[in-house]
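Below: one structure, written as structure tokens.
No value in this document is a laboratory result; all are computed from the given coordinates. On a predicted model such as this, the values are computed, not experimentally measured, just so you know. Note: ideal-geometry Cβ built from the backbone for every residue, glycine included; neighbour counts use all protein chains shown.
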Amino acid sequence: MSSFKIAILEGDGIGPEIMTEATKILNLVSERNNVHFDLCPAPFGASAYFSHGHSFPEETKAVCDEADAILKGPIGLSHEESKKIPVDMQAERGALLPLRRRYNTFANFRPVYLPRELAHFSPLKSEIIGNGIDFIIIRELVGGLYFGNKETGINEDGKRFVNESLEYDEDQIRRIARVAFDTARKRKKVLHNIHKSNVLKSSVLWNEVIGEVGESYPDVEIIHILVDAAATYLCLNPGQFDVMVMENMFGDILSDQGGGILGSLGLMPSACIGPNKAYYEPSHGSAPDIAGQRIANPYSMIGSVAMMLEMSFDMEDEAKKVWHAMQSVFAQGFSTPDLSKPGADVKMISTDGFGDMVAEELVKQ
Ligand code: NAD
Ligand code: IPM
Ligand code: MN
């Protein structure tokens, strides 16, 4: 029987609620497949700062180092609450970015997917959606503005100033480009390269390297689009996209827009892949506005489990069944409140109600 160690970092806000549903599904998958998952919970995020004095404690690093994969819930506090923690120890700078850096998880896969049967969840008109929404954002995750040189201080004129730089070298661009071309090759063989080369020198280099890597993928068409225009096309004609590749910050923003056109960030799982370690997390945050109410949508967290099954444990068939189980719960007219529009005929379910129904559907398959 194969056995995998999974670090479980439940995080903050809605993190614990949606992680409970994800581990429910993991335990079921383990029973059904004769696979052992050794779930190792560890403190991470703002809650870890308050309980352990650090948002990424040493003991959590040890658990993650040992793990075959890491499943992470969202971290972070509301704008007001986060002021209780020193800036560099806040969950984003103190835990999440160090996690990404530690495991060099440069390739972030953010699928934006809504089958035709669930198109009513989207705020877009049905004639725009057509057969549904189905594309993937591949976001570079350990470079760019997030990890560039940062300087703050007082300048010669006595003014406070900040300087943070958007840094990439060609190797960093080349490796994410290869991931993107490989993904495009497995899908529709079209790669949309999102950039801002009319202003940013970083995009000029980015585009050069994309073109060079593209020479090894003559079967994949490259379409270059400026990031601002891409934001519009995502609303007006999302069907033109299949695989999109972009630098870190563009990917952060456009992937949340992806959640917007699906109808909720609760539909956005993700995978963050490095050379030797991968971690999986929803694309969204800790949703402090709805935490503790049992109304968060756990699709993003359970979807992150499905991505882990496929990408870390080679369990592609079971991953497909998990996706299918979640979509069939929605297709039966059930939904968490984030996806229900005023006056819509939906059967409202709680976070745990959704997890239970997904488990029931999975058992049937
Ligand atoms: P957010 O993504 O937490 O929430 C934005 C909106 O989406 C809110 O209205 C929220 O209720 C809703 N939402 C998000 N996930 C949902 C779900 N699963 N079900 C139903 N509704 C959902 O963004 P924010 O409020 O700007 O940020 C809150 C905190 O999360 C901040 O501290 C931020 O830094 C952090 N954050 C963390 C991550 C991460 O851990 N990867 C990602 C994004 C933001
Ligand atoms: C995300 C989040 C993070 C990011 C924050 C919390 C650091 O918004 O994963 O999209 O900007 O990468
Ligand atoms: Mn984000």
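With the cut-off at 1.5 for a/c, could you classify the chain from its C-alpha gyration tensor as rounded, prolate or oblate?
rounded
GNM on the chain, C-alpha springs below 10 Å: top fluctuator among R174, R187, R110?
For the chain, modelled as a Gaussian network with Cα springs under 10 Å, the answer is R187.
Quick one: longest stretch of the chain between exposed loop GluC sites (Glu not before Pro), exposed meaning at most 11 other C-beta atoms within 10 Å and loop per DSSP?
1-155
Which residue, N33, N155, N276, has the most motion in a Gaussian network model of the chain that connects Cα atoms within less than 10 Å?
Evaluated over the chain, the most mobile residue of the options is N155.
So for I222, I6, fewest C-beta neighbours within 10 Å to most, what's the order?
I222, I6
Can you find, among Y217, H324, L39, the residue sitting farthest towards the positive end of the charge dipole of the chain, where Lys and Arg contribute +1 and Asp and Glu -1 at Cβ?
So the residue we want is H324.
In the structure displayed, which of K5/K72; K321/K364; K24/K341; K24/K321; K188/K321; K24/K320 lie more than 20 Å apart, Cα to Cα?
K24/K341; K188/K321
Can you put H195, H36, H79 in order of Cβ neighbours within 10 angstrom, beginning with the fewest?
H79, H36, H195
What FRET efficiency would be calculated for the residue pair V204, K83, taking the C-beta separation as r and a Förster radius of 41 Å, to the nearest 0.05?
Efficiency computed from Cβ-Cβ geometry: 0.60.
What length, rounded to one decimal in nm, is gained on full extension from L97 through to N155, with 0.36 nm per residue of separation minus their alpha-carbon distance?
18.1 nm
Would you work out which of I194, A230, L118 lies farthest towards the positive end of the dipole of the range 112-264? Charges go on Cβ: Lys and Arg +1, Asp and Glu -1.
The residue sitting farthest along the positive end of the dipole is L118.
Span-like helices, the chain: DSSP H, alpha-carbon axial extent 15 Å or more, mean Kyte-Doolittle 1.0 or greater, which ones?
Those that pass (Cα extent of 15 Å or more, hydropathy at least 1.0) are 299-311.
Just for the Cα atoms in the range 112-264, what are the lengths along the principal axes, largest first, rounded to whole Å?
Result for the range 112-264: principal-axis Cα extents of 60, 37, 23 Å.
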